[in-house]
Every structure is written in C-alpha cells, then in structure tokens.
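To keep things clear, I will list the structure first and then write my remarks on it.
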Amino acid sequence: MDRFLVTGALGSLVGKREGEANPEDPAGQRGEESSRKRPRAETLPNAGPLASPTWRHIRAEGLSCDYTVLFGKAEADKIFQELEQGVEYFTGALARVQVFGKWHSVPRKQATYGNAGLTYTFSGLTLSPKPWIPVLEHVRDRVSVATGETFNFVLVNRYKDGCDHIGEHRDDERELAPGSPIASVSFGACRDFFFRHKDSRGKKPSRKVEVVRLQLAHGSLLLMNHPTNTHWYHSLPVRKKILAPRINLTFRKILPIKK
Ligand SMILES: O=C(O)CCC(=O)C(=O)O
C-alpha cells in the first residue's frame with residue numbers, strides 16, 4: 001500500500017511550540033510586496049469572475065507567497081456554512097497533544113480529507129484521509145483554476161475563536177511533491193498570520209530578520225510557494241478579542257512513499 005508521511009502542521013502536534021501560550025507578537029514588518037496578475041490564472045478555462053484575481057505578491061529572503069481574495073462574501077459565507085455542516089473533526093487521542101510529557105487538547109479542531117488510497121502518519125499512527133466531500137472539492141477546484149496547481153490532500157483547521165491558535169511550525173517539504181506550493185484558504189474571522197525566519201527564532205537568534213505579518217481575510221487564498229517552508233516558520237497567534245470562528249484549509253500535493 002502507498003504510504004504518505006505528513007509532518008509539518010500535523011507532525012507539529014507533538015512539538016513543544018504547539019503548547020506555548022501565545023505570542024501576541026509585537027513588532028514585525030511585511031515583506032516586499034507588489035500587485036499584479038498571476039499570469040497562469042488568465043489562461044485557464046472555465047474561469048469565473050474571480051478566477052483572474054489581483055494577486056498581492058509577498059517577497060522576502062527565501063519567502064515567496066501570493067495572496068488574493070478568491071471568494072466574494074456571499075460565496076465565502078455559503079462555503080463556511082457548508083464546512084460547518086459537513087466537516088468531521090478528529091476526536092479522542094487524535095485531538096490531544098503531548099507537551100513536555102503532559103497531554104493537552106489541541107488548541108483547535110482538525111480533520112484531513114484526500115484522494116482514495118492515500119495514507120499518512122499522524123501522531124505516530126498511519127491514517128487515511130476521509131474521502132473528499134463536495135464543498136472541499138469545490139474549493140480545491142477553484143484554487144486549482146486560480147493557480148494552475150493540483151492538490152490531493154487537505155488539512156482542515158477550525159479555530160472556535162481567537163484563543164484557538166497554531167504554534168510556529170514549517171510544513172515539512174519532504175512529503176510534498178518537490179517544489180509544490182501549499183494553498184491556504186480561509187473562511188470566517190480574519191486572523192493575523194506570521195512568518196518568522198528560521199535564523200530569527202528563539203531567545204538568542206543567530207541574526208535578526210523582520211517578521212512578515214499578514215492578515216488572512218474571509219474567502220482569501222494564500223499560496224505559499226517553494227522554498228518558503230524551508231526557510232520560514234508560520235503561526236496563527238492567539239487573539240483574545242476575536243470571538244468568531246475561523247476555518248482554514250491547507251491544500252497540499254503529497255507523494256506516495258511505497259512500502
Ligand atoms: O490556520 C492557518 O491559517 C494556518 C494553518 C497551518 O499553519 C497549517 O495547516 O500548516
């Protein structure tokens with residue numbers, strides 16, 4: 001059977017950053033930005049009104065991301081409701097994380113969906129993603145039209161409010177198709193999202209690189225291109241004033257590892 005090993009956000013469940021109280025990280029700065037159309041999107045067929053959106057290009061040393069609002073409010077609202085009704089999240093042991101030997105609830109809810117036959121490793125277990133449901137296929141296909149990329153797996157993260165968060169981590173490139181991007185689509189509450197360079201982490205960083213700070217809006221798509229995940233960690237910090245829920249979908253293309 002084909003086996004997929006997925007670490008990064010999944011693997012980070014066992015990482016100590018996950019349990020840290022957050023970082024309402026102060027100063028930081030956006031990377032260099034420019035606004036232009038992403039050329040590939042313009043040549044794709046069946047493009048809806050938002051299929052050739054204006055992209056914001058976010059660039060810093062070793063970081064390359066493209067951001068756009070892919071879904072208008074009405075459609076994003078409908079997708080959010082469908083996700084709320086349709087997504088089945090992990091429960092029990094899969095919804096817990098061990099930090100310094102103590103078990104805690106993961107500070108968000110998670111689920112995985114993907115192509116038939118895939119398996120992946122999660123908290124030391126080999127699991128299969130659930131089969132795609134129509135709302136996830138719809139979002140996946142819209143992302144593919146807009147980016148020209150295909151995806152076979154999605155991790156769903158649901159944050160019930162601003163206390164739910166995700167600690168600093170990288171999405172491990174080894175299990176991704178080489179050079180493939182990760183497409184992060186957000187619905188619900190707008191949240192801050194930080195990138196921190198690997199050399200600039202911890203109490204005694206080897207050098208100072210400015211944090212790249214973004215806000216991920218309802219209906220938005222953030223495309224994290226290679227080699228962003230090699231050099232930069234990302235996180236969704238605690239924001240206690242946010243009371244509304246948010247659902248994030250990270251679409252990935254993962255490679256089978258033959259047994
Ligand atoms: O919720 C988000 O925007 C971040 C999710 C994430 O970091 C991940 O899936 O790796």
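The values are calculated or read from the model by the stated rules, or taken from the named source; none is laboratory data. Quick caveat: nothing in here was measured; it's all calculated off a predicted structure. Using ideal geometry, Cβ is built from the backbone for each residue, glycine included, and neighbour counts are taken over all protein chains shown. Ligands, DNA and RNA are excluded from the accessible area calculation, which covers all protein heavy atoms including side chains. Shrake-Rupley method; radii C 1.70, N 1.55, O 1.52, S 1.80 Å.
Just a few scattered comments:
- Estimated distance in nm for a label pair at residue 78 and residue 95, the labels positioned 7 Å out from Cα along Cα-to-Cβ: 3.0 nm
- Site pair residue 241 and residue 210 shows an inter-label distance of 2.3 nm when each label is modelled 7 Å from Cα along Cα→Cβ.
- Taking all protein chains together and a 1.4 Å probe, the residues 241, 208, 130 rank 241, 208, 130 from largest to smallest accessible area.
- For the listed residue pairs 160/203; 109/203; 160/241; 109/130; 160/240; 109/160, the alpha carbons are over 19 angstrom apart in 160/203; 109/203.
- For the pair residue 231 and residue 141 in one chain, pulling the backbone fully straight at 0.36 nm per residue adds 29.6 nm over the alpha carbon distance.
- Segment 99-193, accessible surface, carbon-and-sulfur percent (1.4 angstrom probe): 56 percent
- Probe 1.4 Å - accessible area at residue 194, Å² to nearest ten: 10 Å²
- Accessible area of residue 200 (1.4 Å probe, protein heavy atoms only, ligands and nucleic acids ignored): about 20 Å².
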